[in-house]
Amino acid sequence: MKKTLALFDFDGTITNKDSFVDFIHYTVGPPRLILGLIRLLPAILAYFVKLLPNDHLKTLFLTRFFKNWSCEQFESKAQAYATEQLPRLLKISALERVRWHQEQQHVVYIISASPEDWLLPWCHSLSLQLISTQLEKKDSRITGKMRTLNCHGQEKVRRIREAIALDEFESIYAYGDSRGDKPMLELAQHKYYRNFK
């Protein structure tokens, strides 16, 4: 029996701001965030003029703010963020669309470049499946690197094809808000770009 699949980007599509930076703000506080952003400013500018790839910038952020954190400390903060802060970022219209797909018995995945650490608890609470970036952890510590490639752009498509047998689905919906989502949107018959306010 053919099924229907719904693929949702997370940051900017379901949320009204980027959860990666918001998680840093929540975790280290405004003074350390501002100081870190000042030190990372050359890299941020290089990214915006397309001289630095997205994944390199993310690694610089992870290294600056979280390198050598214990996994226990990081995961505790991620769980607290998922429970206390993340719900404040969500777009009601996007959540309604997620619930509509679930009511139709569609298979629903969140596909995100953000780390799984705070997305998994939220996805589990709503019975959603997740494909996202995974962080490298060694000797019970955050290294500042990614264990997987950054789940962005064509990597989203590769990870989707790796995890989901797309030919089992008669119909595919996809929702995104940035150019990094456009390759994923091309997998779908029903494409929605910047659909939620």
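When region 82-95 is limited to residues that are without any contact (Cβ under 8 Å) to a residue 60 or more places away in the chain and surrounded by 11 or more Cβ atoms within 10 Å (Cβ to Cβ), the one that is farthest from THR143 (Cα to Cα) turns out to be PRO87. Applying the set (1) in contact with a strand residue (DSSP E or B) (Cβ under 8 Å, 6 or more places away or on another chain); (2) hydrophobic (A, V, I, L, M, F, W, C); (3) modelled with pLDDT of 95 or more; (4) not in a strand (DSSP E or B) to ALA174 leaves exactly one unmet item: (4). Flag: ILE110 does not match the condition of being surrounded by 16 or more Cβ atoms within 10 Å (Cβ to Cβ), under 20 Å from GLU75 (Cβ atoms), over 16 Å from the mean Cα position of the chain (by Cα) and not basic (Lys, Arg). Among the residues of this structure, THR13 counts as one that is of a type in the set (Ser, Thr, Tyr), at negative phi, out of contact with any Pro (no Cβ under 7 Å at 6 or more places or on another chain) and not in a helix (DSSP H, G or I).
Pick from region 6-36 the residues that are crowded, with 17+ Cβ neighbours inside 10 Å and among the polar types (S, T, N, Q): which of them is nearest to the chain's Cα centre (by Cα)? My answer is SER19. Every condition in (1) at pLDDT 95 or above; (2) part of a loop (DSSP other than H, G, I, E, B) holds for LEU60 except the one numbered (2).
Inspect region 37-44 for any residue being assigned to a helix (DSSP H, G or I), basic (Lys, Arg), touching a residue at least 12 places away in the same chain (Cβ under 8 Å) and surrounded by 14 or more Cβ atoms within 10 Å (Cβ to Cβ) and give the result as yes or no. Let's see the steps before the verdict.
Going through region 37-44, the residues assigned to a helix (DSSP H, G or I) turn out to be 37-44.
Add one more test, that the residue is basic (Lys, Arg), and what stays is 39.
Cutting the leftovers down to touching a residue at least 12 places away in the same chain (Cβ under 8 Å) gives us 39.
Still in the list and also surrounded by 14 or more Cβ atoms within 10 Å (Cβ to Cβ): none.
Scanning region 37-44, I find no residue that is assigned to a helix (DSSP H, G or I), basic (Lys, Arg), touching a residue at least 12 places away in the same chain (Cβ under 8 Å) and surrounded by 14 or more Cβ atoms within 10 Å (Cβ to Cβ), so the answer is no.
When the residues of region 113-132 are filtered to those that are in a loop (DSSP other than H, G, I, E, B) and at negative phi, the one that is surrounded by the most Cβ atoms within 10 Å (Cβ to Cβ) is LEU128.
The values are calculated or read from the model by the stated rules, or taken from the named source; none is laboratory data. No experiment lies behind these values; they were computed from the predicted model shown. Cβ coordinates were reconstructed from backbone atoms using ideal geometry, including for glycine residues, and neighbour counts include every protein chain displayed.
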